[in-house]
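The values are calculated or read from the model by the stated rules, or taken from the named source; none is laboratory data. Everything quoted here is computed from the prediction, not taken from an experiment. FYI the Cβ positions are ideal-geometry reconstructions off the backbone, even for glycines, and counts take in every protein chain you see. Accessible surface is based on the protein model in full, side chains and every heavy atom, while ligands, DNA and RNA are left aside. Shrake-Rupley method; radii C 1.70, N 1.55, O 1.52, S 1.80 Å.
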Amino acid sequence: MKILDVFAYSFSAIKLRKLRAALTTLGVVIGIAAIVALLSITQGLQATITDQLERGLAADTLIVIPGSSALGGGAGEGGGFGGGEGFGGGSTRALLYINYTSQINSLSPNIVTSLAVIQKSGYIQNGSGITRPVTSIVGVDFAQFANAFPTTFVAASGSIPTNPADNDIVVGARVSYPRLNGTLFVQAGQDVTLIWTNNTVIPFVNETYTAHISAVLDRIGGFGLGGPSDTSVYMPLSQAEKFFGTDEADMIIVKLKSSDLDVVNSTSTTITNYFGNQVSVISATAVQSLLSTIFSTVSLFLGGIAAISLLVAGIGIMNIMIVSLIERTREIGILKALGMKSRTVLHIFLTESIIIGLMGAIIGIASGWVLANVVALFLGRGGIIGSALTITPILRPEVMLGALGFGVGISVIFALYPAWRASKLKPVEALRYE
Amino acid sequence: MSMALVVEAVDLKKTYMLGKIPVEALRGVSLKVEKGDFLSVLGPSGSGKSTLLNLIGALDKPTEGKLLIDGVDVSTLSDNQLADLRRKIGFVFQFFNLIPRFTARDNVELSMSIVGKSKAERRKRAEELLEIVGLKDRMDHKPAELSGGQQQRVAIARALANDPRFLLMDEPTGNIDSKTAKEIISLIKNLNEKGVTIIMVTHDQHLAREAKRTVQMFDGVISSDVVN
């Protein structure tokens, strides 16, 4: 029997029981839709986070922070997100000093420049006497910082001074507009008070000084991992030394010649070795590779759960095929009496399941995609991680093909047994069947 | 031996297991059917005529004895080869056994599609055959829209589609009113006159007498073999 005739025959059998076929297909649709929706949301989320990372930390920069850790990347994230103290807890740590930058600059020809950063968490008080916390008060050389992060350390209003006075500061967008809704807390040109609780003396002392806002930064988004962030206040490095009373750097940002992976990795190693493994070097690349590992695990886990629903669909297919086989016993007998071979009977039943699997997978992929977008819309509106993130679901061609193959594969696997049983029916007995 | 033998059975035996009890349905049947013959196998239920029909139809294999269909020994064949052999046999059943969801034309085409003939060839042949059996204007009707007699005509057309060595009929008028039955019988006789070999199994003596030759079966053996 020709392939096209087998297909036409199978299709006629499916058409006869439309509702039943539709319900069986629905099982596959749900399974595939769940897989596609989960994977495209996770992948969308991964892309969003990666993108945010790239904004916060340029690919051609390294962040050196004190303290080694088995999880260099992990400790680094802590240092970046937090107030400046990396949680390399328990591990040995070298202190970084502001003047180490010249040593670092001479370590490798791949290093363009490096700049020291002091950062502490503190508070900012506006002219009306209202005080708000800021994630970090950062002491940094404005010119060098702007040079290292040319796309993010950019003024939205006012201007970033190249040779700042001691009391000049630059603030992130969300320091100026904390809720990003137009309610102004401070703006360029205003004088504010910066407050830092000195906990190196007992009792603790609140250090304060009056600063002048020269510029408010453009909104950046992202996590501010090392690079400029929306929730930080920037003061000249020399002023920070005086204000915080220290010449210890909380991190040193190293600008590289290129973002080439080899350059990033070899320079990281050089720096780590130079400090006797007592510093952690974070690169966007390293954090991204860690995140990508985490995300692939999460994807696998979620996909696995979704796959269970497909398994249920498979059992549904098997069930329906067995019912169909029993109902059509006599028909199979007729086909065999007309000279149809067992192999062809097998093909007819498998083709039916392939049609169901294929339709289910195609509809499932489409509805999974729609579902992912609806969910993303809700997540975006509700706001996760402080509404800094919007997820755009991503449906990769390989995921699409995989889902298609998986849907059809499951359908075929679960149809094998009924199809085999159909093919093995004895013509005499099948014809006698009422 | 004549070259024109389509069926040759020598001392055929068939034993079924009915649970744990062996039942001897055929206890040594020898039979020759020549090309162009019109043979009726007559017998009451339980006489073994249905078993003989299944064996001659290559639907089943004998327990003992030799059965040549179109010169091929059935007992040596695999399931696949049996299926191939069945393509040379035109079955006509008591209950028509048409595929309900198919039109008359599609039912006739089905046996040709199994053999792998092209759509165009199938269609042409199906229409020719339906015209021969007198259903030219009913080709697009489904079995449920046809009378019993008409359904049996479709079944005969289907049986003829692959130019079989012989037609094998099982109570072809058993489910049809007597007036229509006469029409079916005359169609069958007509086909035989045109050279189609026919083997017909029945318990109806009147019908059996329409054949050229009647084999009477009783208790698993042939009790008489007469030319009508």
Pairs, please: C-beta under 7 Å, at least 6 apart or cross-chain, first residue under 15 Å from B:V201 (Cβ atoms) and in region B:215-228, second in a strand (DSSP E or B) and open to solvent by 70 Å² or more (accessible area, probe 1.4 Å)? B:V215/B:D225; B:Q216/B:S223; B:M217/B:S223; B:G220/B:E24; B:G220/B:R27
Is at least one residue of region B:187-208 of a type in the set (G, A, S), on the phi < 0 side of the Ramachandran plot and open to solvent by 10 Å² or more (accessible area, probe 1.4 Å)? no
Across region B:127-147, which residue is modelled with the highest pLDDT among those that are among the basic types (K, R) and open to solvent by 80 Å² or more (accessible area, probe 1.4 Å)? B:K142
Can you find even one residue in region A:127-142 that is open to solvent by less than 50 Å² (accessible area, probe 1.4 Å) and more than 22 Å from A:W196 (Cβ to Cβ)? no
Considering residues that are open to solvent by 30 Å² or more (accessible area, probe 1.4 Å), in contact with a strand residue (DSSP E or B) (Cβ under 8 Å, 6 or more places away or on another chain) and within 24 Å of B:E121 (Cα to Cα), the number found within region B:163-186 is 1
Given B:P100, B:P22, which one is in a strand (DSSP E or B), open to solvent by 20 Å² or more (accessible area, probe 1.4 Å) and not basic (K, R)? B:P22
Determine if region A:204-212 includes at least one residue that is out of contact with any strand residue (DSSP E or B) (no Cβ under 7 Å at 6 or more places or on another chain) and open to solvent by less than 20 Å² (accessible area, probe 1.4 Å). no
Determine whether A:A22 is modelled with pLDDT of 80 or more and within 14 Å of another protein chain (Cβ to nearest Cβ). no
Output for Cβ contacts, cut-off 6 Å, separation at least six or different chains, first residue within 10 Å of chain B (Cβ to nearest Cβ) and under 10 Å from B:L59 (Cα atoms) in region A:419-434, second part of a loop (DSSP other than H, G, I, E, B) and charged (D, E, K, R), reads A:V428/B:D60
Look at region A:295-330 and say how many of its residues are open to solvent by 60 Å² or more (accessible area, probe 1.4 Å) and closer than 29 Å to A:E429 by Cα. 4
Quick one: what pairs do we get from region A:18-47, first residue assigned by TED's automatic domain parsing to the domain that holds A:V399 and open to solvent by less than 20 Å² (accessible area, probe 1.4 Å), second polar (S, T, N, Q) and not in a helix (DSSP H, G or I), C-beta under 7 Å, 6+ apart or different chains? A:G44/A:T392
Give region B:66-103 a look and list any residue that's at positive phi and within 9 Å of chain A (Cβ to nearest Cβ), or say none. B:N97
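Okay, residues lined up against (1) part of a helix (DSSP H, G or I); (2) within 14 Å of the chain's Cα centre (by Cα):
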| residue | (1), (2) |
| --- | --- |
| B:S40 | no, yes |
| B:S50 | yes, yes |
| B:A58 | no, yes |
| B:P62 | no, no |
| B:G65 | no, no |
| B:L82 | yes, no |
| B:G90 | no, yes |
Among the residues of region B:44-64, is there at least one that is within 26 Å of B:N192 (Cβ to Cβ), away from chain A (no Cβ under 14 Å) and in contact with a helix residue (DSSP H, G or I) (Cβ under 7 Å, 6 or more places away or on another chain)? no
Note on B:A120: of the conditions (1) within 13 Å of chain A (Cβ to nearest Cβ); (2) within 19 Å of the chain's Cα centre (by Cα); (3) surrounded by fewer than 20 Cβ atoms within 10 Å (Cβ to Cβ), unmet is (2)
From the option list A:S232, A:S292, A:S268, single residue qualifying as of a type outside the set (D, E) and loosely packed, with under 14 Cβ neighbours inside 10 Å is A:S292
Residues located in region A:143-191, provided they are polar (S, T, N, Q) and either more than 14 Å from A:H212 (Cα to Cα) or loosely packed, with under 14 Cβ neighbours inside 10 Å (or both): A:Q144, A:N147, A:T151, A:T152, A:S159, A:T162, A:N163, A:N181, A:T183
Here's a check for you: in region A:204-227, which residue that is assigned to a loop (DSSP other than H, G, I, E, B) and at pLDDT 85 or above is farthest from A:T101 (Cα to Cα)? A:F204
If B:N107 satisfies all but one of (1) more than 8 Å from every other protein chain (Cβ to nearest Cβ); (2) open to solvent by 60 Å² or more (accessible area, probe 1.4 Å); (3) within 19 Å of A:I348 (Cα to Cα), what's the number of the condition it fails? (2)
Residue in region A:213-229 that is most open to solvent (accessible area, probe 1.4 Å), counting only those that are farther than 14 Å from A:D141 by Cα and not small (G, A, S): A:R219
From A:I271, A:I282, grab the single residue that is part of a strand (DSSP E or B), over 24 Å from A:A211 (Cβ atoms) and among the aliphatic types (A, V, I, L, M). A:I282
Please go through region B:1-31 and give me each residue that is under 20 Å from the mean Cα position of the chain (by Cα) and modelled with pLDDT under 90, ordered by number. B:A4
